[in-house]
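Working notes, beginning with the structure itself.
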Amino acid sequence: MVHGSRSIGHYPTPPSVLPPGRPASCQGRHVASTSFQWFRNDGGDPAELVSDYLAGNGLRVRNIGRTDEQVCPTGAGSICGAALYVSADAGSVMSGGAPGARTPVPGIPDVYAVVYEHGASGDLAAGDFALGEWTPSWTPAEHAAAVSSVREAIGRGDVYQVNVVGHTSAPYTGSPLAALHRVAALPGARYGGVLTGPGWALATASPETLVEVRGGRVITRPIKGTRPATAEGRRELLASVKERSEHVMIVDLSRNDLSRLPGVGPVTVDELFAVRRWSHLWQAESVVSAPVTGPLGLPDLLRALVPGGSVTGAPKRAALAEIARLEPVGRGVSMAAVGWVGPGHVDLGLTIRTVAADGERLHAWAGGGIVWDSDPGAEVAEAAAKLAPIKAALAGR
């Protein structure tokens, strides 16, 4: 399909759908206006094309350095901002990395943006929904073998760390919107929201900031390191040499990504290995930032930071090559970016804890970072722990 914008009225978008990263101050008064979509086969530079679309709708994405001078308009019919989603495949195109396996959700665009105006909110219409059995795209043994293969690559000196991700899907009938909103409402979902398109929808409960530009600073908050949300789990996470080493590698990669941006000053680590809670898990998060000192555009942010280092590994391009070699199913809507572009800020989350509905099946992904001392069985168990609350929310438990 050729990229471009269109009236959102050509396909239904419920007024009650709350886009990821939306400003809380707008209290859900978002009505979709027009949309942009780009598929990998369309060609062209997706970072430039989507930026042209957003700029054409009055959003200042070519020079976003002074976002602290902007305010969100509040009048009915005024443009609030836009939801922006970028797939893992589009991220590979933007970063020059190796393409992954074929996406299991080919009907969902690789880049999608929706401009929202202020208007009256609506109620979510309840409908029949039934979820079938989940079918993983690889067995636990195959997952463990992929972990062992990464360890061998590390031993050869090809990479330092690779994030290995698995996929699972389940058939469904009826409308999945209520189930997707349950996912978006999971505790700790900083980017909780739902985005819909023609015949598809995605929901995210992501806690991780890929990139935020606000108040004259550009910020990323990489997450790496997981334990059960118990007192013992917190102690284990803080004491784990393996988890801290894995985390610091990604913090260094994040520092490097920010340093590649034009128009930014010195990069600093503002917080290192802070333990936060997402649903029933503890996770380690750091804060890396830099002041905006000159012109900085959305295409620069997308090329430098998508896909995020915490879901690729280090070095990033070498890790993407290992991912393409090992993962049998593409990452689709996961492990890339979704969030909000407004007149006052840019705030994109990493699409971890994210699911997609394609009209027939629900799709989910989970994985973890692999380093030399990773245990294959423990990595398989960690991925299952990350998927558990997603599956429970979809099932209404």
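Side notes on the structure shown:
- Test set (1) at pLDDT below 95; (2) open to solvent by less than 10 Å² (accessible area, probe 1.4 Å) - Asp373 fails condition number: (2)
- Filtered residues of the range 44-80 (kept if of a type in the set (Gly, Ala, Ser), modelled with pLDDT under 90 and under 26 Å from Pro307 (Cβ atoms)): Gly65
- Flag if Ala146 is crowded, with 24+ Cβ neighbours inside 10 Å, under 30 Å from Asp375 (Cβ atoms) and modelled with pLDDT of 95 or more: yes
- For the range 204-228, the set of residues classified as among the small types (Gly, Ala, Ser) and at pLDDT below 95 consists of Gly215, Gly216, Gly225, listed by residue number.
- Qualifying positions in the range 264-307 - small (Gly, Ala, Ser) and either closer than 18 Å to Ile223 by Cβ or touching a residue at least 40 places away in the same chain (Cβ under 8 Å) (or both): Ala274, Ser279, Ala284, Ser286, Ser289, Ala290, Gly294, Gly297, Ala304
- Here the range 333-366 is the region considered, the condition is being of a type in the set (Gly, Ala, Ser) and modelled with pLDDT under 95, and the residue that is surrounded by the most Cβ atoms within 10 Å (Cβ to Cβ) is Ala336.
- Matching option when the condition is touching a strand residue (DSSP E or B) at 6+ places or on another chain (Cβ under 9 Å), surrounded by fewer than 22 Cβ atoms within 10 Å (Cβ to Cβ) and charged (D, E, K, R), among Asp300, Asp270: Asp270
- Failed item, numbered, when Ser148 is tested on (1) within 15 Å of the chain's Cα centre (by Cα); (2) of a type outside the set (D, E, K, R); (3) in a helix (DSSP H, G or I): (1)
- For the range 222-232, filtering for residues that are out of contact with any Pro (no Cβ under 9 Å at 6 or more places or on another chain) and within 15 Å of Gly313 (Cα to Cα) leaves 3.
- Taking the criterion of being of a type outside the set (A, V, I, L, M), more than 14 Å from Val164 (Cα to Cα) and in contact with a helix residue (DSSP H, G or I) (Cβ under 9 Å, 6 or more places away or on another chain), the residues of the range 352-370 that qualify are Arg353, Thr354.
- Taking the listed residues Val338, Val333, the one that is assigned to a strand (DSSP E or B) and β-branched (Val, Ile, Thr) is Val338, with no other qualifying.
- Qualifying positions in the range 181-199 - out of contact with any His (no Cβ under 7 Å at 6 or more places or on another chain) and hydrophobic (A, V, I, L, M, F, W, C): Val183, Ala184, Ala185, Leu186, Ala189, Leu195
- Identity of the residue in the range 278-291, modelled with pLDDT of 95 or more and open to solvent by 10 Å² or more (accessible area, probe 1.4 Å), that ends up nearest to Lys242 (Cα to Cα): Trp282
The values are calculated or read from the model by the stated rules, or taken from the named source; none is laboratory data. Please read these numbers as outputs of a predicted model, since none were measured by experiment. Here the Cβ is made from the backbone with ideal geometry for all residues, glycine too, and neighbour counts use every protein chain on show. These accessible areas exclude ligands, DNA and RNA; they are computed on the full protein's heavy atoms, side chains included. Shrake-Rupley method; radii C 1.70, N 1.55, O 1.52, S 1.80 Å.
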